[in-house]
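A short write-up of the structure that comes next.
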Amino acid sequence: MNENATRIASTSDETPASTVDAGRRGFIGTAAGLSAAALVAPGVFLHSVAAAPRSEPVTDSVRWGLLIDTAKCADGCSACVDACDRENGLDLQEPHGSESKWEHQKSVWIRKVKLQDNQTGRITNLPMMCQHCEHPPCVDVCPTGASFKRADGIVMVDRHLCIGCRYCMMACPYKARSFIHQNTSGQLTAVPRGKGCVESCNLCVHRRDHGEESTACVDACAQEGHGAIVFGDLKDPDSAISQRLREIPSRQIREDLVLNTGVRYAGV
Amino acid sequence: MKRVVYREWRIPPERYWSLLGFLAALIGIAALSFGYMEHEGHWVSGMNNSVVWGMPHVFAVFLIIAASGALNIASIGTVFRKPIYKPLGRLSGLLAVAMLMGGLLVLVMDLGRPERLIVAMTNYNFSSIFAWNIFLYTGFMAIVIAYLWSMADRQGGPFNYPIGILALVWRLALTTGTGSIFGFLVARQAYDAAILGPMFVSLSFAYGLAVFMLVLMFGFEEEGRPIGPRMMRRLRNLLALFIGIALYFTLIYHLTNLYMAKNDGLEHWLLLSGGIYTFLFWVGWILVGSLVPMWILYHPVLSRKREWIIGACALVIVGGFSALYVIIIGSQAFPMALFPGHTILESGFADGVNGAAAPYWPTIPEILLGVGGVAVALLITAVGVRVLQFMPESLADDVVAPDEETLDAAPFAKPV
């Protein structure tokens, strides 16, 4: 990092001094260079350190969440779903049984849903995934504690403790969990999966633990130019998600259950 | 009243061994089914991400609640001091333990990771009713075994009553716990109802007694032991009463749902347009499983005929499976209310598009696994009655107590 910072600083220093008031201009140049270094360096520093796997326990100083602006979610677009499948190795699943059976048995961490308001006929598109509740019913009912919530708000499954009883799937109000009905092959190192366990969206937890800044679905949506999904820290008032949540009205799915979800929707 | 003599079940060896062989074959087939589903994965079952608990759970839950119901007979004899039921206590306890074993085996064999059972026994999340149930089940077995000891061993006599009370309370807790597995799930409309706890208790009364009566009549008939009309009348009336109680809870459950406007859709679907589930509810649960057996059991002529009573018990069991199929699978098949006030037009996860119910058809391995659980329960019972003195020699009228009150008890108040 210091190398980079020095390089930036020295580049600024090379600004040619004019004959008029050279000392003053040099001073401003140096100050600008140092300021730039001071501004950039922490970012570079954080990045270089955070790129390594996280070694400290997660804390509740952050709460990760998503904001989905359904007005921007395009009809027919499945970029987030495809990206999630690639990121977590779900695209490696091989179909079992008949096509219709496979449709009901394959693992899905995020899906596109198209809704129509019964009263007004208004159509809404949105991606659905684990809502990362503050009070997750799946965690309540899991007999072994395999279903758990991390301090940073991510709800996930400990695959060593999961016995495959599927009670969490019975309890989830969002139908967000999938059971791995078949043998798995070619799975990704970062996302271990195994037959007989339950799984669901974990907000790309491997990215969280390597200090990366977004999730696969968010990146894909942005790449498509929709930018319908914002990821960030709900506890940080300056984060993009918090700012956006202040600007636009949003709600939780099944708000009546008072689960305080980490995923919020605008325009539903 | 004569002294009640208990004796091992001494049917001819070839008859006994062929019975055991038949049950063992069913268990073997169930083991193969388990191996197949475990090896291939649950994709070979009919279960999916919408209907996550299928036919094995219907069998398992039936056996578990029937187990606690079967213990009622012992409780009535011990706790409620009805001496006519006392000779039935041992068989009642044995059947209770056997059915619980069968049910739990099916439940465990259906886990996604059955080899991790040790995890379930060493890691507990006490906010989960499921975790409580593990203790309720194991505790039930221990208590009923102690109960059996207190009934069969002379030294256990003084403990019979307190253990009986504990067993009664425990069985009520157990069945309430089993019902509560379903009764506290806010996610699904049909399960968001605490009445499922007591409703399961009421169902267990009927199913447990029906199974008990069938086993009793089969066991006695095979060996030519007599059952007198007085005993049959008691059991018959009790079964009819229990069916009535179960019907009452069923009625209240549905009336409550109908009263709550948000559940109109569920009730409409279940009672009118749910296809197989509507059929199983009205025909299986209500007609065949409740009204017809009640009619038989209260019929002045038919209720005196052994074959008709056996038929009524069998119908109650058929009704029990129908009821649990509707409760367990139908309630999952009905689409979850993800977006109230909206219709889901498209979804990548079968979210009940246009209100469609989730598909589920039980596959043969699932059914065979469940049948294996029944066979385990019957095998334990058959071996138990064969090697130990569980069954009284006779239940003829001159053997069983003439009155349901103890004759030597002092009257509470004498008329002046």
Under 9 Å by Cβ, and 6 or more places apart or on different chains, what pairs join a residue from the stretch A:74-98 that is more than 10 Å from chain B (Cβ to nearest Cβ) and within 16 Å of residue A:203 (Cβ to Cβ) with one that is outside any loop (DSSP other than H, G, I, E, B) and of a type in the set (Val, Ile, Thr)? A:80/A:110; A:80/A:218; A:80/A:229; A:83/A:110; A:83/A:218; A:84/A:110; A:85/A:110
Name the residue, out of B:178, B:138, that is within 14 Å of another protein chain (Cβ to nearest Cβ), β-branched (Val, Ile, Thr) and surrounded by fewer than 21 Cβ atoms within 10 Å (Cβ to Cβ). B:138
Only one of (1) within 7 Å of chain B (Cβ to nearest Cβ); (2) surrounded by fewer than 22 Cβ atoms within 10 Å (Cβ to Cβ); (3) touching a Cys at 6+ places or on another chain (Cβ under 9 Å) does not apply to residue A:169, and that is (2)
Is it fair to say residue A:145 is in contact with a Phe, Trp or Tyr (Cβ under 9 Å, 6 or more places away or on another chain), surrounded by fewer than 19 Cβ atoms within 10 Å (Cβ to Cβ) and either in a loop (DSSP other than H, G, I, E, B) or not hydrophobic (A, V, I, L, M, F, W, C) (or both)? yes
List the number of the failed condition for residue A:121; all other conditions in (1) of a type outside the set (A, V, I, L, M, F, W, C); (2) at pLDDT 95 or above; (3) under 26 Å from residue B:332 (Cα atoms) hold. (3)
Among the residues of the stretch A:125-159, count how many are at the interface with chain B (Cβ under 8 Å from one of its Cβ atoms) and more than 17 Å from residue A:197 (Cβ to Cβ). 3
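How about the stretch B:286-397: which helices (runs of 4 or more DSSP H) wholly inside it have at least 2 residues that are open to solvent by less than 20 Å² (accessible area, probe 1.4 Å) and within 30 Å of residue A:177 (Cα to Cα)? Break it down stepwise before answering.
On the way: elements: B:292-298, B:306-324, B:364-387.
Those helices (runs of 4 or more DSSP H) span B:306-324, B:364-387.
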Counting only residues that are surrounded by 23 or more Cβ atoms within 10 Å (Cβ to Cβ) and of a type in the set (D, E, K, R), which one in the stretch A:172-209 is farthest from residue A:261 (Cα to Cα)? A:199
Give me the pairs: first residue in the stretch A:246-268 and over 22 Å from residue A:123 (Cα atoms), second residue open to solvent by less than 30 Å² (accessible area, probe 1.4 Å) and small (Gly, Ala, Ser), beta-carbon distance under 9 Å, and six or more apart or on different chains, which are they? A:257/B:187; A:261/A:65; A:262/A:65; A:262/A:153
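Each row is one residue, and each column tells you yes or no for (1) surrounded by fewer than 18 Cβ atoms within 10 Å (Cβ to Cβ); (2) under 25 Å from residue B:374 (Cα atoms); (3) within 13 Å of the chain's Cα centre (by Cα).
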| position | (1), (2), (3) |
| --- | --- |
| B:166 | yes, no, no |
| B:171 | no, yes, yes |
| B:196 | no, yes, no |
| B:206 | no, yes, yes |
| B:209 | no, yes, yes |
| B:216 | no, yes, no |
| B:221 | yes, yes, no |
| B:231 | no, no, no |
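Just checking, which of A:164, A:186 is at positive phi, in a loop (DSSP other than H, G, I, E, B) and modelled with pLDDT under 95? Step through it out loud before you land on a result.
Working: A:164 fails: modelled with pLDDT under 95.
Exactly one residue qualifies, and that residue is A:186.
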Pairs under 7 Å by beta carbon, first residue aromatic (Phe, Trp, Tyr) in the stretch A:145-173, partner in a helix (DSSP H, G or I), six or more apart or different chains? A:148/A:139; A:167/A:141; A:167/B:130
Kindly evaluate residue B:143 against the criterion of being away from chain A (no Cβ under 14 Å), modelled with pLDDT of 95 or more and open to solvent by 50 Å² or more (accessible area, probe 1.4 Å). no
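With respect to residue B:367, determine if the residue is hydrophobic (A, V, I, L, M, F, W, C) and either more than 21 Å from residue B:200 (Cα to Cα) or within 10 Å of chain A (Cβ to nearest Cβ) (or both).
Working: hydrophobic (A, V, I, L, M, F, W, C): yes; either more than 21 Å from residue B:200 (Cα to Cα) or within 10 Å of chain A (Cβ to nearest Cβ) (or both): yes.
Here the answer is yes, as residue B:367 does meet what is asked.
What about residue B:297, is it of a type in the set (A, V, I, L, M), more than 25 Å from residue B:361 (Cα to Cα) and over 25 Å from the mean Cα position of the chain (by Cα)?
Working: of a type in the set (A, V, I, L, M): yes; more than 25 Å from residue B:361 (Cα to Cα): yes; over 25 Å from the mean Cα position of the chain (by Cα): no.
No; evaluated as a whole, the condition is false for this residue.
One line per residue, one yes/no per condition, for (1) assigned to a loop (DSSP other than H, G, I, E, B); (2) surrounded by fewer than 24 Cβ atoms within 10 Å (Cβ to Cβ):
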{"site": "A:107", "(1), (2)": "yes, yes"}
{"site": "A:111", "(1), (2)": "no, yes"}
{"site": "A:116", "(1), (2)": "no, yes"}
{"site": "A:128", "(1), (2)": "no, no"}
{"site": "A:131", "(1), (2)": "yes, no"}
{"site": "A:134", "(1), (2)": "yes, yes"}
{"site": "A:139", "(1), (2)": "no, yes"}
{"site": "A:151", "(1), (2)": "yes, yes"}
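Please state which one of B:112, B:102, B:89 is over 15 Å from residue B:379 (Cα atoms) and part of a helix (DSSP H, G or I).
Details: B:112 fails: part of a helix (DSSP H, G or I); B:102 fails: over 15 Å from residue B:379 (Cα atoms).
Answer to the check: B:89.
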Taking the options B:214, B:280, name whichever one is over 24 Å from residue A:169 (Cβ atoms) and modelled with pLDDT of 95 or more. B:214
Can you find even one residue in the stretch B:31-47 that is open to solvent by 50 Å² or more (accessible area, probe 1.4 Å) and assigned to a loop (DSSP other than H, G, I, E, B)? no
Here is a list: B:3, B:7. Which entry is of a type outside the set (Phe, Trp, Tyr) and free of Cβ contacts under 8 Å to residues at least 24 places away in the same chain? B:3
Check the stretch B:103-116 and report whether any residue there is more than 23 Å from the chain's Cα centre (by Cα), of a type in the set (Lys, Arg) and open to solvent by 10 Å² or more (accessible area, probe 1.4 Å). yes
Determine whether the stretch B:388-401 contains at least one residue that is β-branched (Val, Ile, Thr) and modelled with pLDDT of 95 or more. no
Which residue pairs have Cβ atoms closer than 6 Å, lie 6 or more positions apart in sequence or on different chains, and pair a first residue in the stretch A:102-119 that is farther than 19 Å from residue A:195 by Cβ and more than 7 Å from every other protein chain (Cβ to nearest Cβ) with a second residue that is open to solvent by less than 10 Å² (accessible area, probe 1.4 Å) and among the aliphatic types (A, V, I, L, M)? A:110/A:129
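The values are calculated or read from the model by the stated rules, or taken from the named source; none is laboratory data. Here the structure is a predicted model, which is why all the values come from computation and not from measurement. Cβ sites come from the backbone with ideal geometry, for glycine too, and all protein chains shown count toward neighbours. When the accessible area is computed, the model is the full protein with side chains, heavy atoms only, and any ligands, DNA or RNA have been set aside. Shrake-Rupley method; radii C 1.70, N 1.55, O 1.52, S 1.80 Å.
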